[in-house]
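To keep things clear, I will list the structure first and then write my remarks on it.
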């Protein structure tokens, strides 16, 4: 029990005070000692616990007659076990004695009124609130940790126009309460106490712009919920009705963790003595803390729920692509959502515009779309068409300058769960492309990187993607589900694997088979012999392989991977204006829907009636139980410097693992 304050006694008149049940109060006996007194004795009501603390150097053991020497620096501590039924129904008497212990030289009387005050939240993280004895001002991670969780109220349940729900300072929908966390104030004791005492709920200035609190009063209408704390209000004198023992508050998160916000928000409840008209004295304070739930990405290994793709113009090739995506979604048993031209304004790169994730607390979870700062034709789609009831929205915009290509979310991925050098990442690790190790170059905007790092639960890994013209990590890597302990394989684009395959086919006598065979238009055919002899193509891909190998070592180190966890997918690149582009449709830039893979059709050399590139990829992936479906995206995406992953987006099932059970 924490010691809260000290009470001074008087020999002239009784002292009256309020004690909060379960707290310790120090009784100052030394300010009222009568002349000649050398010992004291403490007696009290049965509802009062009395502790006398002493230094063994001064007192060997408690005296048998309970007369304690005044010169031994003995401290008197009291506490009450239960709330009083009436004012002053408990007392403590301190009697002072001279050398003659038979007659007291004086007595100080302390009248006590016990009340219960407890501010409680879901510290157990099980969706319920109980009176808790844990230290509620400490938030800890892990399965044995404790501390409450708060959701950012970033969906739109409100029927009125505007932004996300937290952008409104008042409540417009009772459904909104489900997105908030409850906080209960328990009180018990004589109502008369509150004539000269008050309870004050308080939030610090630094936290006040990140949270809003509503007091649930009588009734079940919107007007019954009074906003009491928030950006413009730091404290609230609790409106307590006579006899009211349980007071309910709803707490609304306004901000995600970020560079300037660690994610913790504290509230204090203080019992104030208002007996003095000029001065109010705090006599008890209790603190509770919430952690704001992070935004969490989902990897390819999570089951798909919805596939998003854009419909643009009246291109025959794009219509055929949509038919193929519809077929793939049906096989994967997930919903296909087509963003029409009126919403995408001829911007087909829906992966680059947004990333799906979710937020979760013990009482509620909902998806949240992260809108990238690229701001092209799809700029308004996430906010206008995805944000809604139980579907949240967040974005980060650079304060100065425009977004680079690396700010598009084809440059944002996440690994499946991994263990690295004994440290577990049960929600995986975020992957972002950067200019490192190159000096200068393009980089993801600082505000976006800061946001991703601040979520803590998916510690980011920065890769080298600025060697690519578009500059996205999805141009050279992908993850697919696979049997085994890890549950996945990392696919890496590999020029070496491609040239090795072509060398094998040449040695088998197929050197005249041509790349881009079967392509209706748009590309001149080139034979295997010609590609193998092309010094410029060789040089370009030697460079590309070195860049991929750099990333390979980073991924092995930061994701705890071995070579057995990596599959090399044949792929060639070409250099244009010092940056690399895919020479033929980039097969790792695929969409993963469970065991079904939508892979860009590479239009490789036809040997014995089959594309040798497709055959090689199938040989690599079919043993993992994966179904490879090759889709022609050449005219609709590839010639525009993108592929299937760039032109699609997937909302996936959240992790079953609870983020608060990990240790970052």
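The values are calculated or read from the model by the stated rules, or taken from the named source; none is laboratory data. Bear in mind the structure is a predicted one, so any value in this text is a computation, not a measurement. Note that we place each Cβ from the backbone using ideal geometry, even for glycine, and neighbour counts take in every protein chain shown.
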Checklist outcome for this item: If you go through 414, 418, the only one that is within 20 Å of residue 470 (Cβ to Cβ) and in contact (Cβ under 8 Å) with a residue 60 or more places away in the chain is 414
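Out of segment 280-331, which residues are assigned to a loop (DSSP other than H, G, I, E, B) and more than 28 Å from residue 415 (Cβ to Cβ)?
So in segment 280-331, the residues assigned to a loop (DSSP other than H, G, I, E, B) come out as 280, 293-295, 298-303, 311-315.
The answer is 280, 311, 312, 313, 314, 315.
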Item to check | Members of segment 301-320 that are under 30 Å from residue 625 (Cβ atoms) and at pLDDT below 95 | outcome: 320
Item to check | Hey, residue 103 in contact with a strand residue (DSSP E or B) (Cβ under 8 Å, 6 or more places away or on another chain), in contact (Cβ under 8 Å) with a residue 60 or more places away in the chain and outside the structural domain of residue 244 (by TED's automatic domain parsing) or not | outcome: no
Checklist entry - Does segment 487-498 contain any residue that is farther than 18 Å from residue 581 by Cα, surrounded by fewer than 19 Cβ atoms within 10 Å (Cβ to Cβ) and modelled with pLDDT of 95 or more? => result yes
Checklist entry - Are any residues in segment 234-256 under 17 Å from the mean Cα position of the chain (by Cα) and assigned to a loop (DSSP other than H, G, I, E, B), and if so, which ones? => result 254, 255, 256
Item to check | Count of segment 194-207 residues which are buried (at least 20 other Cβ atoms within 10 Å of the Cβ) and within 17 Å of residue 182 (Cα to Cα) | outcome: 2
Next on the checklist: Quick check on segment 112-134. Is at least one of its residues touching a helix residue (DSSP H, G or I) at 6+ places or on another chain (Cβ under 7 Å), buried (at least 17 other Cβ atoms within 10 Å of the Cβ) and within 30 Å of residue 277 (Cβ to Cβ)?
Outcome noted: yes
Checklist entry - Could you say whether any residue in segment 109-126 is in a strand (DSSP E or B), under 18 Å from residue 34 (Cα atoms), modelled with pLDDT of 95 or more and in contact with a strand residue (DSSP E or B) (Cβ under 7 Å, 6 or more places away or on another chain)? => result yes
Checklist entry - If you go through segment 177-199, how many residues are in a loop (DSSP other than H, G, I, E, B) and either over 20 Å from the mean Cα position of the chain (by Cα) or not assigned by TED's automatic domain parsing to the domain that holds residue 132 (or both)? => result 3
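Output the number of residues of segment 257-279 satisfying the condition of being assigned to a loop (DSSP other than H, G, I, E, B) and surrounded by 14 or more Cβ atoms within 10 Å (Cβ to Cβ).
Our first condition is that a residue be assigned to a loop (DSSP other than H, G, I, E, B); within segment 257-279, this holds for 257, 259-260, 262-263, 274-279.
Okay, now just the ones that are also surrounded by 14 or more Cβ atoms within 10 Å (Cβ to Cβ), so 257, 263, 274.
The total comes to 3.
How many residues does segment 386-410 contain that are outside any loop (DSSP other than H, G, I, E, B) and touching a strand residue (DSSP E or B) at 6+ places or on another chain (Cβ under 7 Å)? So that I can check it myself, show each step before the final result.
Looking only at segment 386-410, we keep the residues that are outside any loop (DSSP other than H, G, I, E, B), and these are 386, 388, 391-395, 405-407, 409-410.
Next, only the ones that are touching a strand residue (DSSP E or B) at 6+ places or on another chain (Cβ under 7 Å) stay: 386, 391-395, 406, 409.
Going through segment 386-410 one residue at a time, the tally reaches 8.
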Checklist outcome for this item: Of the listed residues (174, 151), the one being more than 30 Å from residue 28 (Cβ to Cβ), surrounded by 14 or more Cβ atoms within 10 Å (Cβ to Cβ) and in the same structural domain as residue 230 (by TED's automatic domain parsing) is 151
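Identify all residues within segment 130-160 that are without any contact (Cβ under 8 Å) to a residue 24 or more places away in the chain and within 13 Å of residue 252 (Cβ to Cβ); write none if there are none.
Just the residues of segment 130-160 that are without any contact (Cβ under 8 Å) to a residue 24 or more places away in the chain, to begin with: 130, 132-135, 140, 144, 146, 158-160.
Scanning segment 130-160 gives a single hit, 158.
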Checklist outcome for this item: The correct count of residues that are within 23 Å of residue 298 (Cα to Cα) and in contact with a strand residue (DSSP E or B) (Cβ under 8 Å, 6 or more places away or on another chain) in segment 425-442 is 9
Next on the checklist: On the basis of being under 30 Å from residue 466 (Cβ atoms), surrounded by fewer than 18 Cβ atoms within 10 Å (Cβ to Cβ) and within 29 Å of the chain's Cα centre (by Cα), does residue 397 make the cut?
Outcome noted: yes
